[in-house]
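The values are calculated or read from the model by the stated rules, or taken from the named source; none is laboratory data. Just so it is clear, the structure is predicted and the values come from calculations on it, not from any experiment. In this analysis, Cβ positions are derived from the backbone assuming ideal geometry, glycine residues included, and neighbour counts consider all displayed protein chains. Note: accessible area is taken over every heavy atom of the protein model, side chains too, but ligands, DNA and RNA are not part of it. Shrake-Rupley method; radii C 1.70, N 1.55, O 1.52, S 1.80 Å.
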Amino acid sequence: MRQNYHLFLIILATSIAYLNSFWGVFQFDDYNVIVYNRTVHSWHAWISDLRDGIRPLLKFSYMLNWTSGMGLFGFHLTNTFIHLANAIMFYFLSLKIISSYMIIEHRDKIAALFASLLFALHPVQTEAVTYISGRSVSLMAMFYLISILFYLRGSIYKNRSVRVILVYVLSPMFFVFAVLAKETAVTLPFALSLIEKTCQYRKRWGAILRKQAVHYLSFIAMMLVLIAHPRHGSLLEYSFDIRSISDNILTQINAISYLISRFFVLNGMNIDPDLPVITAWSPELLIKTFLLVILFVGGIIAFRIRPVCGFGILWFFLHLIPTNSIVPRLDVANDRQLYLASFGIYTAIVVEARMFLHSTKRTVIRWYAAAVMIPVLIGSFTIARNHSYRSEIALWEDAAEKSPRKARVYNNLGYAYFLAGRFGDAEKAYLTALSIKPDYVTARNNLSRVKVGSLPPQP
């Protein structure tokens, strides 16, 4: 009964926090991947894209929404449902991890509830939920978590045939589904090993790896397929042409530091953060590198003495490897990269706080108060952030306020103004973009189109 009550609270709180997201419109990448992408406009087009296309399950979900006739409402409903499902699965995963180190009483089930609410309600998740094309992350996470939970459930199932189906068939199958939604899901076998070692610390790594052999073999097979796939191969080549590996490592040290700050700056979410490409060491970067190394090494050490704390830190770094390590990206970092990575941090924080406050009745009262007040606080910031997605102008005005020295932000703001018929404001925005980056060809072309007034600008 208490568990059902907790699930009801997760569903209720998340639904309230994301209710105003349904007023959001298509934004930025939504046009390229959904609105102008004919492969997601019909069953025939989607099937035709299967041979050469990428992320077929993500496109399948877009295609179902596009052909449903429900319009934007259908897209937002699907995104919210996926996020709700993930929050519920995080609750059960947190419960599994916490149960390894605590006696599961009602108060400790509150810890799992608290961790799930932090995940569900933190405003950093809005980019994966309210931003429609952010679904690539949340849909991947849904299949990812289903795979993990099938594995964990199968590991304790007494019926051998059922255990085999769950661990060696369904779990690897949903792992493949996750990769077909977004390639960053390739981290799953390593995450699974980390979870099992956390829950059974005395179990040897060799035994864990043998048990998960099917997942690691699936990982190797999918990596070979991704590399051999012509689209993925060309994208990988393009990525390494963006900047050198050494420059990207320096850039990502700063980017990961930025992402960590998003846990604490609740009103600082930004669709287009101004993160520079760094090509040389500086005192500031050295300090950030030192702190990140301390955090990572601390996670390894803590894993032996405070396993849940170590788990949270190592889980965080593991899930940033595909996007924030050696492979360059046009966008140095985005808030949605924290969607999966954040789970370990939330679980570690909640468990450590619960252990710190464990004792008197007075501290228990404080624990319950925190479990109510903090979700309400972060949920209010999520509601406020959703409001920024109500129009393209609102979103890019918000980005311009937070990234005042980024030319692309003003170009996109000018584009939004132009579509709204605010030509004077569009011209000012394009001029601002050119003052920041004089050789910005797109902004210059858009400015000339504003003056002609007959052709739409380029986003």
- Item | Computed FRET value (nearest 0.05) for TRP23 with LYS451, which takes r as the C-beta separation and R₀ as 22 Å | 0.10
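Can you give the accessible area per residue of the chain, in Å², using a 1.4 Å probe?
On the way: 21120 Å² over 459 residues.
Per residue, the chain has an accessible area of 46 Å².
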- Over 30 Å between alpha carbons, listed pairs LYS288/LYS402; LYS96/LYS288; LYS59/LYS451; LYS288/LYS437; LYS96/LYS402; LYS182/LYS211: LYS96/LYS288; LYS59/LYS451; LYS96/LYS402
- Potential lengthening between ALA280 and LEU77 on full extension [0.36 nm per residue; Cα-Cα distance subtracted]: 68.6 nm
- Note on the structure: Each label sits 7 Å from Cα toward the beta-carbon; between ARG38 and LYS158 the label points are separated, in nm, by 5.9
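Could you order the peptides 386-397, 48-59, 119-130, 192-203 from most to least packed, using the average number of other C-beta atoms within 10 Å per residue? Can you show the working numbers first?
On the way: 386-397: 20.0, 48-59: 15.6, 119-130: 26.6, 192-203: 17.1.
Put in order of decreasing packing, that is 119-130, 386-397, 192-203, 48-59.
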- Task: Run the accessible area of the chain with a 1.4 Å probe and give the carbon-and-sulfur part as a rounded percent.
- Result: 67
- Message: Just to be sure I understand, if you calculate log10 I(q)/I(0) by the Debye sum over Cα atoms at q = 0.07 Å⁻¹ for this structure, which of (1) -0.58; (2) -0.33; (3) -0.38 do you get?
- Response: (3)
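Can you tell me how much longer the chain between LEU291 and ALA213 gets when fully stretched, taken as 0.36 nm per residue apart minus their C-alpha distance, in nm with one decimal?
Working: separation 78, 0.36 × 78 = 28.08 nm, distance 3.49 nm.
Here the segment from LEU291 to ALA213 would lengthen by 24.6 nm.
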- Note on the structure: Relative contact order in percent for the chain (Cα pairs under 8 Å, 6+ apart) equals 18
- Note on the structure: Expressed in µm² per second, the diffusion coefficient of the stretch 31-161 from the Stokes-Einstein equation, with Rh the Kirkwood radius over alpha carbon pairs, at 25 °C and 0.890 mPa s, is 147
- Message: Please report the net charge: other residues with Cβ closer than 14 Å to the Cβ of ARG444, K and R +1, D and E -1.
- Response: +2
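What number, rounded to the nearest 500 deg cm²/dmol, is the helix-based mean residue ellipticity at 222 nm of the chain, given -39500 (n - 2.57) per DSSP H run of at least four residues and division by all its residues?
Working: 22 runs with 319 residues, N = 459.
The per-residue figure over the chain is -22500 deg cm²/dmol.
List every DSSP H helix in the chain whose Cα atoms extend 27 Å or more along the helix's own long axis and whose mean Kyte-Doolittle hydropathy is at least 1.6. Mind showing how you got there, number by number?
Values: long enough: 71-99 (43 Å, 1.18); 135-156 (32 Å, 1.31); 283-305 (33 Å, 1.96); 361-387 (40 Å, 0.59).
Both cut-offs are met by 283-305.
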- Measuring from label point to label point, each 7 Å out along Cα→Cβ, what is the ILE300 to ASP439 span in nm? 4.1
- Task: On a C-alpha basis, how far is the centre of the stretch 168-237 from the centre of the stretch 54-94 in Å? Whole number, if you could?
- Result: 23
